[in-house]
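Accompanying notes for the structure given below.
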Amino acid sequence: MTTPTTAPTKESQRLFIAVPLPDSLKRLIGAWTRDIRTSFPFRKWTDEADLHVTLQFLGDTAPVLIPELKAALASAAGSGRIQPFTLSLRDTRTFGRP
């Protein structure tokens, strides 16, 4: 799989590979972020429903590559090589502009 290196076009889609979080964890993180929003006035906070763990950011991707990407991910997920894992949240930080 290759990642296009050209500038985004109207036809490209900004993609990433992610693991969804359980709803109970989304609710917990959502409540926590609502409590700290006045202390950290970001331009836009992520909606609780959209919380996830990004495994790989693909960037602007040509639509013609999406079927190949889906097939590769389905193959990897169904191969038995990917095992369940435990995720813990111990420390929080921000990225991007302060």
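Remarks
- Gain upon complete extension [S79, A18; 0.36 nm per residue less C-alpha separation]: 20.2 nm
- Protection-proxy order for peptides 60-66, 76-82, each taking the mean of Cβ atoms within 10 Å per residue, highest first: 60-66, 76-82
Throughout, read-outs are computed from the coordinates displayed, never taken from laboratory work. This one's a predicted model, so the numbers in the text were calculated from it and none came from an experiment. A quick note on method: Cβ atoms are made from the backbone with ideal geometry, for glycine too, and the neighbour counts reach across all protein chains shown.
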